[in-house]
Every structure is written in structure tokens, then in C-alpha cells.
Amino acid sequence: MSASAAVFAILFALLLGAMIPGPSFVLVARNAVGLSRVDGLATAAGMGIGGIVFGGVALAGLYTVLLAVEWLYIALKIAGGVYLLVLALRFWRGASRPFSMTDTGGRGGANARRSFAVGLSTQLSNPKTAIWYGSIFVALLPHHPPLWCYFALPPLVFVVEAGWYTFVALCFSSRAPREVYLRAKKWVDRLAAGVIATLGLRLILTANRAGL
């Protein structure tokens with residue numbers, strides 16, 4: 001397989017992985033429909049930067065450290081699970097608060113920065129994603145890839161990750177999903193909290209299991 005074909009295959013595999021619903025999907029959708037389109041897009045950008053980090057880790061081969069040093073992998077999984085539980089608790093506690101229409105017009109840089117930070121930290125909270133990236137890169141990338149791959153892959157990974165979650169944000173920030181959210185905010189937020197908490201608990205409870 002040529003290097004260009006390998007890069008295309010890697011990007012396609014990462015897109016399929018991103019499309020599988022998980023905490024990232026739930027967070028982008030919730031922020032887009034519950035806060036604003038700008039917040040959804042900022043969260044998507046955070047996911048994209050997280051993808052760059054994982055791509056860089058995979059290119060450097062550092063994911064092998066997580067596989068080789070078992071205690072580090074377990075510790076990172078537990079830390080990621082705890083973070084998701086804290087995020088779920090925050091959603092649950094805010095579910096009963098009335099929705100404010102402030103900052104839905106596209107302004108509010110502070111909120112957008114906060115959404116970006118939450119998106120990035122949520123993306124980075126799951127070390128299994130680093131293993132997923134590493135497995136794909138090892139399986140598809142040539143053993144000695146040309147130099148251009150090291151420069152081309154990180155921005156392309158950003159396009160794939162941020163592009164998919166931007167699509168999610170645009171879909172969920174349209175009028176119909178927002179009206180549904182306004183009518184059922186309490187239950188939507190609690191459902192999102194439940195999904196994220198379940199994923200966090202799964203990370204913690206499977207921390208001592210190797211692999212994906």
C-alpha cells in the first residue's frame with residue numbers, strides 16, 4: 001500500500017470511529033442544542049485538537065508505552081473515567097435549572113472558550129482512544145513513512161475529527177432540536193448525564209483489562 005493510500009485509509013478509519021456515539025458525540029450535541037451553535041462548534045474544535053494530540057502520539061509511537069506500562073494505562077483509564085463522572089454530575093445538577101437564551105446569537109467568547117476546553121479535555125480523557133489511533137496507524141501506515149506524512153496527517157486528522165463534530169453541532173443547533181430541548185431540558189440533560197456517567201463507569205470498571 002502506498003503512503004497516500006495508507007493516509008486515506010487511516011482517515012477513513014478515524015472517521016468511522018468518530019461516528020460511533022460516545023461521550024464526545026453526546027457532549028457536542030448537548031452543547032449545540034442546549035447552549036448555542038457557537039458553543040457546539042467550539043466543542044467540535046476542541047475534539048479536533050484532541051485528534052491532533054492523539055495523532056501525534058500515534059506517529060511518535062508513544063501509544064506503545066501505554067500498552068507496555070500497564071499501571072500507567074490503568075491510571076489513565078481511571079482518571080478519564082473520573083473526569084467523565086464529574087462532567088455527568090455537572091450535567092445532572094444543572095438539569096433542573098431554567099434555560100437562559102443569553103449568548104445564543106453567536107457572541108460570548110468566554111463561553112466558547114469554556115466549551116472548547118471541555119471538548120478538548122473530554123476527547124483526551126479516554127486513553128483507549130490513543131490506543132485506537134495507535135492501532136490504526138501501526139496497521140495501515142508504512143513502517144518507514146515518508147516525511148510528508150508527519151506533516152500532513154495531524155491537520156488531516158483535525159479536519160476529520162472537527163469536521164464530523166461540526167456536522168453534528170450544525171444539525172443539533174437548528175431550530176427543531178432546540179425547540180425539543182427547551183420542552184424537555186431536564187430529561188435531555190439527565191439522559192446526557194446518564195450516558196456519560198455510564199461510559200465513565202465503564203472506563204473505571206474495565207481499567208485492569210488490556211486492549212480495547
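Coordinate-derived values only; no laboratory data. Model, not experiment: these values are computed from the prediction. In this analysis, Cβ positions are derived from the backbone assuming ideal geometry, glycine residues included, and neighbour counts consider all displayed protein chains.
With +1 on each Lys and Arg Cβ and -1 on each Asp and Glu Cβ, how big is the dipole of the chain about its Cα centre, in debye rounded to the nearest 20?
Here the size comes out at about 860 debye.
Taking the alpha-carbon distance from LYS77 and a cut-off under 16 Å, which lysines remain once sequence neighbours fewer than 8 residues away in the same chain are dropped?
LYS128
Between TRP71 and VAL138, what FRET efficiency follows from the Cβ-Cβ distance if R0 is 30 Å, with the result rounded to 0.05? All intermediate terms of the calculation are to be shown ahead of the outcome.
Working: r = 22 Å, r/R0 = 0.75.
Efficiency at R0 = 30 Å is approximately 0.85.
Let me spell out the model: positive unit charges on the Cβ of Lys and Arg, negative unit charges on the Cβ of Asp and Glu, origin at the Cα centre of the stretch 164-212. What dipole size does that give, in debye rounded to 20? Could you put the intermediate results ahead of the total?
Values: 8 positive and 2 negative charges, 28 e Å.
Value, rounded to 20: 140 debye.
Peptides 178-184, 166-172: what's the order by average Cβ count within 10 Å, highest mean first? Don't jump to the answer; show the numbers that get you there.
On the way: 178-184: 14.1, 166-172: 19.4.
Per-residue Cβ counts within 10 Å, averaged per peptide and sorted highest first, yield 166-172, 178-184.
By how many degrees, 0 to 90 and rounded to 10, does the Cα axis of helix 109-124 deviate from the longest principal axis of the chain?
Approximately 40 degrees, to the nearest 10.
How high is the FRET efficiency between LEU15 and VAL180 when r is their beta carbon distance and R₀ equals 22 Å, given to the nearest 0.05? Don't skip to the end; give the middle numbers.
Working: r = 27 Å, r/R0 = 1.23.
Efficiency, from the Cβ-Cβ distance: 0.20.
Can you tell me the 0 to 90 degree angle between the C-alpha axis of helix 3-19 and the longest principal axis of the chain, rounded to 10?
30
May I ask for the angle, rounded to the nearest 10°, between helix 70-94 and the longest principal axis of the chain, with both axes built from Cα atoms and the value confined to 0 to 90°?
20
Can you tell me the FRET efficiency between ALA60 and VAL159 if r is taken as the Cβ-Cβ distance and R0 is 25 Å, rounded to the nearest 0.05?
Values: r = 20 Å, r/R0 = 0.81.
Taking R0 as 25 Å, the efficiency between ALA60 and VAL159 is 0.75.
For the stretch 1-69, what are the per-bin percents of Cα-Cα distances with bins 5 Å wide, up to the bin holding the maximum?
All Cα pairs, binned at 5 Å, distribute as 3, 14, 16, 21, 18, 13, 8, 4, 1 percent.
In angstroms, what radius of gyration and Dmax does the chain have, counting Cα atoms only?
My reading of the Cα-based Rg and Dmax gives 17.8, 56 Å.
Treating the beta-carbon of each Lys and Arg as +1 and of each Asp and Glu as -1, no other charges, what is the dipole magnitude of the stretch 84-208 about its Cα centre, to the nearest 20 debye? Display every interim value, and only then the final one.
On the way: 14 positive and 4 negative charges, 129 e Å.
Dipole of the stretch 84-208, to the nearest 20 debye: 620 debye.
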